[in-house]
Amino acid sequence: MADVTITRTGLPAEAGQVSSLQRLMRRKSTIAFIMTLPLLLVIFTLVAYPAFYSLHLATLNKSMVRFVGLGNFEFLFGRETFWLVVYQSCLFAVTAVIFKAIIGFTVAHFVHNIPSKGQRKWRGMLLVPWVIPPAMSTLAWLWLFDPSYSAFNWLLAHVGVAPVSWTGNTHWARFSVILVNIWVGAPFFMIMYLAALKSVPEQLYEASEIDGANWWQRIWYITLPMMRNIISITALFSLIVTFANFDIVRVLTGGGPLDSTHLFATWAFRVGIESGDIPLGACVSLFMVPILAVAATLILRDIGKRGNEA
Amino acid sequence: MADTALATGAPTRALKYGSIAKDRRWALRLSYFFLTLFAIFFLMPPIYMFITSLKTSAEISAETNPWWVFNPTLANYIELLTQDTYLIFFRNSAMVSVIVVTISMLISVFAAFALARMRFWGSTLLATGVFLTYLIPETLLFIPLFKMMAMVRDATGIELMNNWWTMIILYPTLTVPFCTWIMIGYFASIPKELDEAALIDGATWIQTLTKIFIPVALPGIIAATIFAFTVSWAQFLYPLAFTTSTDQLVLPVGIITTLIKGDVFNWGQIMTGALLGAAPPLIIYAFLMDYYIAGLTAGATKG
Amino acid sequence: MSKRASKLSRRRFIANTALASTALIAAPYVRGANAAGKLSIGFWDHWVPGANDATKQLATEWAAKEKVDIQIDHITSQANKLRLTASAEAQAGAGHDILHFGSWWVNEMADKLEPVDDVMAALIKLNGAVNPTVRYLGQKDGKWMAVPATTGSQIKGPCSRIDLMKQHAGIDVQAMYPAGGPPKADNWTLETFLKAAEACHKGGHPFGIGLGVTADSSDTIGALFHAFGAALVDAKGNITAKSDPVRQSLDYYKQLMAFLPQDVSAWDDATNNKWLVAGKGAMIMNPPSAWAVAKRDAPKVAEQLWTHGFPSGPKGRFAPFTPTFWATWKFSKNKPAAKSLLAYLSQPAAVEKMVAASNGFDLPSFANMTELKTWAEEGPPKGTLYHYPNPHNHQILSVAATPAPHAIAVQIYTHGLMCKLAVRHFQGEAMEKTLDYAVKELEGYMRT
């Protein structure tokens, strides 16, 4: 409420100074505008404009010379691969986020449980997957999953299990892609939940202990309700990122086998850039919008809460 | 907010629950056990990268224990680090990241200050808009951007395709919104009395920002800087779609496109390249972990 | 045989005329026009270590002679880099003066390319004819738009393990394809192949034939489709997926896939190589790069490898051939120099140098260039590459998805459509349902 302050300081001033006050006001908004101008430029030219431009692109034919209206969408709806991609993107995002949340919560809980002087070390180790650029770490997974040299299969062979074709058949390939995503994303949940756990007042646990609550009841009646906001924001945020994921699938499976691991982003890349069908690629990626919009609205509600508190 | 994450000293609960010490000990052992399991899961790929990076191609092809190095060699490291192309990737990545971080921080600190303190018409709406922008993934934008580059070329003759510096134009879209958002949060937590006093004393807005806000919000600035750096260093889609020549590639794309050579594979080198590529963020993280975590949880602890 | 005789005489002809022709072809373009100037070249970044040096040396040699400033890039084809470079340059109307083109791109970007009929006419006279596949890919409306490149062109025939094929399938590949002599492969048919695949599968060393979406997979299945006379789209652009040869091919694959590793539908161009080098399989379909890697990393495996011809089917013996090209853009500022270099790079001496530098991997497209020293002598085992360049015209060199029009064929090829059909059918989808899917996809490829 900086402006209120200024008006207040200006109040006792004499009439002659009002104009200079107005000038100050004007100057303030001018300065503020100049300060935000670069931000606005970035957002409008490189985010907002392309976003709307892709709507336009989506209505053109392949060579981008003719307006075809909703023809591209019609064409997409008629293709089996498209519906496969819709199904996979949803399956991928929902499954990965659920497991990331569960693993993140569990790990955060364990870290929170141990004496505080050791926490930093564990937290440091457990956050490593999130720090490595995903394109790099996925290469390690790719090598771990290699059909001929898989180090996992080597271990499995020693306990008498037949080699798994990690990226080879539909189910395992989906499993692998989701696994890597969980591996990359779970530490983020862990760190968020840990921060939230620390903000739960200790007295609540003490009180419940006296009331004879067991650990499960403590989690269910104290921890989870106290963390509800963080859990939902983190999950929604992660849902967006996971849903729009590109790196992991691109490096690990390239969408195969039989397109069974393609997501919107990877398929749009294949169709739009690699097959030179830019309008169709734009159409494909536009299908991310409804889901993103829902998630964004929900996040926005929480952000609104934050705004009121701040 | 920084304090929450920076504070390592959570209350030691063992003392408080002295009466049920046995339970606690049991729970503690269980915690350590599971933490070890998770640590194995979380650290296995980077460790395996490291193991493989020390092997020769012959050892990788041999049917030996993949989890052990029998004849360790630094040949992969030496070969990569004396290879022009890899050093060019590294240089490109470093240049892009450093410049993008600088630009992002300049843009977002000023904008955040204006949005947090200099309330003006539409500023609240804009603040929300900034955050929403962050939620628009690059996977939605790369196709229109691809076409837009052709438009820019036709209109101005400036070739944006296949230039590493194009990344400097594009990456801020990924960093600026979130950095601004973090900084708005930090600035909002600074007591209003501070800047009010400064303004009454006749300080200009710029002075208020540089003399008061930036020093006080330094942890937040460091957090945002680290965030911007990691994002720029890791970005994969834009350079994959928009750069092609070997001398224009950044690390992630360079490693994946040049070290994996269709038919002939050299996994020792690929793993070395990936590990070295992951090194800068890992090193920064090792030294500034607390700021990093503060940045990550910036939105959360407020909520 | 008369064929051999004529070949010999042609070879003698080369020896006599090689020097003269160099001058003949190279001279008029440059010396007559502006001798100096600049030229930038984007060569393919070769997989075989050291092979880039050959192209670099040749271009430098030429430049020194013609007093042209050259700039050489070696661009990788991995992750479509080379392909994206080509389309970016085509769109921009600026870029390298000479660029390496993948098999299919010449036709796609033909309107941006400088015709090279003159260069090709001279080269064919010098080096012998080129087969219809090279013409299909390198010509547009009867005009040569590019010169077939020696580097990167390949025949992806079988590369077999001598020991394992003997042990499991009772087939002596060296006897069938003896080094230095014509093949004795009349019994090497698709039925024999299937039996061998079954035997090797039983013996624990299945054939490693990918059915993914990358080039190796498409090439193999493309040749087998041809062996049945199957085409998804005919030369006029009509969809012919619902035809008996296609059904036969898919049924054949259904039987074959039962004897392949389980995860072949996810294989890429490197997986089959690793499969062979790791000693897991008895055969893959690949140019000699797998053998070269084995020589480096697993010499014991390399000693047992033998590159040979494809099995024959009802409609003949087809082998997948993917010639690549060098071309110059219409917008190039120094076309005479570019053409001169294009000619220079296909002189017999230059070709021989590239083949040697790539350990026999590179493959000239000209009829008289199939019996170079490198292939006869590379080893161990000595002669392992003798049959790689198809020296006895034993098999028809074809490229997958022909005779469909280029714009459709390239999509069938790059989307791995034939592989997808084979996998779907193998996984139990009814034949007609698979073919329905094929028709739907093909209609998509015909979008304009």
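The table below lists the values:
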read-out: Part-to-part distance (alpha-carbon centres) for the stretch A:104-134 and the stretch B:92-143, which is given in Å; value: 29 Å
read-out: Charge context of A:L127, other residues only, Cβ under 15 angstrom, K/R +1, D/E -1; value: +3
read-out: Positive-end extreme of charge dipole, chain B - chosen from B:T133, B:A274, B:M44 (charges on Cβ); value: B:M44
read-out: Convex hull volume of the protein assembly as shown per residue (C-alpha atoms, cubic angstrom); value: 185 Å³
read-out: Positive minus negative residues near C:T434 (Lys, Arg vs Asp, Glu; Cβ under 12 Å); value: +1
read-out: Estimated buried accessible area (total), pair A and C, 1.4 Å, Å² to nearest 100; value: 2300 Å²
read-out: Cα-based helix-to-principal-axis angle, C:348-357 vs chain C, degrees rounded to 10; value: 50 degrees
read-out: For the stretch A:143-161, residues shielded by at least 40 square angstrom of accessible area compared with the chain on its own, probe 1.4 Å; value: A:W143, A:L144, A:P147, A:S148, A:Y149, A:A151, A:W154
read-out: Cα-based helix-to-principal-axis angle, C:215-228 vs chain C, degrees rounded to 10; value: 70 degrees
read-out: Estimated [θ] at 222 nm from DSSP helical runs (n ≥ 4, -39500 (n - 2.57)) normalised by residues in the protein assembly as shown, nearest 500; value: -19000 deg cm²/dmol
read-out: Förster-model FRET efficiency, 41 Å R0, A:T95 and B:T156, C-beta, rounded to 0.05; value: 0.35
read-out: Area buried, chain C against chain B - accessible surface, total, 1.4 angstrom probe, square angstrom; value: 2200 Å²
read-out: The stretch C:83-232 - Rg over Rh from alpha carbon coordinates, Kirkwood radius; value: 1.07
read-out: Percent accessible area from carbon and sulfur atoms, chain B, protein chains only, probe 1.4 Å; value: 70 percent
read-out: In Hz, Karplus ³J(HN,Hα) per residue of the stretch C:181-191 (6.51, -1.76, 1.60; θ = phi - 60°; x = Gly, Pro); value: x, x, x, 10, 10, 4, 8, 7, 10, 4, 5
read-out: Percent antiparallel among DSSP beta bridges (both partners in the protein assembly as shown, rounded to 5); value: 60 percent
read-out: Chain lengthening between C:M431 and C:Q71 when straightened (0.36 nm per residue, less Cα-Cα); value: 124.3 nm
read-out: From phi via Karplus (6.51, -1.76, 1.60), per-residue ³J(HN,Hα) for the stretch A:123-128 in Hz, x at Gly/Pro; value: 4, x, 5, 6, 8, 3
read-out: Rounded Å value of the spacing that divides the Cα centres of the stretch C:148-203 and the stretch C:50-94; value: 36 Å
read-out: Span from the the stretch B:161-223 Cα centroid across to the the stretch C:321-379 one, whole angstrom; value: 59 Å
read-out: GNM flexibility winner over chain A from A:A140, A:A96, A:A186 (Cα, springs under 10 Å); value: A:A140
read-out: Listed residue pairs exceeding 29 Å between alpha carbons, taken from C:K143/C:K254; C:K125/C:K373; C:K166/C:K420; C:K353/C:K420; C:K81/C:K330; value: C:K143/C:K254; C:K166/C:K420; C:K353/C:K420
read-out: Solvent-accessible heavy-atom area per residue, rounded to whole Å², over the stretch A:77-309 at 1.4 Å; value: 36 Å²
read-out: In degrees, nearest ten, helix C:417-426 long axis to first principal axis of chain C (Cα); value: 10 degrees
read-out: Computed magnitude of the charge dipole of the stretch B:56-145 (debye, nearest 20; Cβ of K, R +1, Cβ of D, E -1); value: 760 debye
read-out: Area of C:D436 that stays accessible when all protein chains are in place (1.4 Å probe, Å², to 10); value: 80 Å²
read-out: Cβ charges +1 (Lys, Arg) and -1 (Asp, Glu), total dipole of the stretch C:396-442, debye; value: 80 debye
read-out: Cα-Cα P(r), chain C, percent of pairs per 20 Å interval; value: 26, 57, 17, 0
read-out: Charged-residue dipole, Cβ positions (Lys, Arg, Asp, Glu), chain C about Cα centre, Debye nearest 20; value: 800 debye
read-out: Convex hull volume per residue for chain B, taking Cα atoms only, in Å³; value: 199 Å³
read-out: Accessible area (Å², per residue) of chain B, counting only protein heavy atoms and a probe of 1.4 Å; value: 39 Å²
read-out: Helix runs (DSSP H) in chain B reaching 20 Å along axis by Cα, Kyte-Doolittle at least 0.5; value: B:21-53, B:84-117, B:138-156, B:172-188, B:218-234, B:267-296
read-out: Within straight-line cross-link reach of A:K28, aspartates and glutamates at Cα separation under 15 Å, skipping those fewer than 8 residues along the same chain; value: A:D3, B:D195, B:E196
read-out: Surface accessible to a 1.4 Å probe, C:H74 within the full protein complex, Å²; value: 40 Å²
read-out: Shielding by partners, peptide A:177-183 (average Cβ within 10 angstrom, other chains); value: 1
read-out: Shielded by partner chains, the stretch B:229-258 residues - at least 40 Å² of accessible area, 1.4 Å probe, vs chain alone; value: B:A234, B:F236, B:L240, B:T244, B:I256, B:T257
read-out: Net charge of Cβ neighbours under 13 Å - reference C:K56; Lys, Arg +1; Asp, Glu -1; value: -3
read-out: Per-residue mean of C-beta atoms belonging to partner chains within 10 Å, peptide A:61-71; value: 1
read-out: Furthest towards positive pole of dipole, C:C159, C:G237, C:A327, structure part the protein assembly as shown, Cβ charges; value: C:A327
read-out: Leading residue at positive end of dipole, the stretch A:77-309 (Cβ point charges), from A:A296, A:I210, A:I178; value: A:I210
read-out: Using a Förster distance of 25 Å, the FRET efficiency for C:D117-C:A92 (Cβ separation, nearest 0.05); value: 0.45
read-out: Distance between modelled label sites at C:T192 and C:A258, nm, 7 Å Cα→Cβ extension; value: 2.3 nm
read-out: Shielding score for C:81-93, defined as the mean number of other chain Cβ atoms within 10 Å; value: 5
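The values are calculated or read from the model by the stated rules, or taken from the named source; none is laboratory data. Bear in mind that the values here come from a model prediction, so they are computed numbers and not experimental data. Neighbour counts run over all protein chains shown; Cβ positions are idealised from the backbone, glycine included. All accessible areas refer to the heavy atoms of the entire protein, side chains included, with ligands and DNA or RNA removed. Shrake-Rupley method; radii C 1.70, N 1.55, O 1.52, S 1.80 Å.
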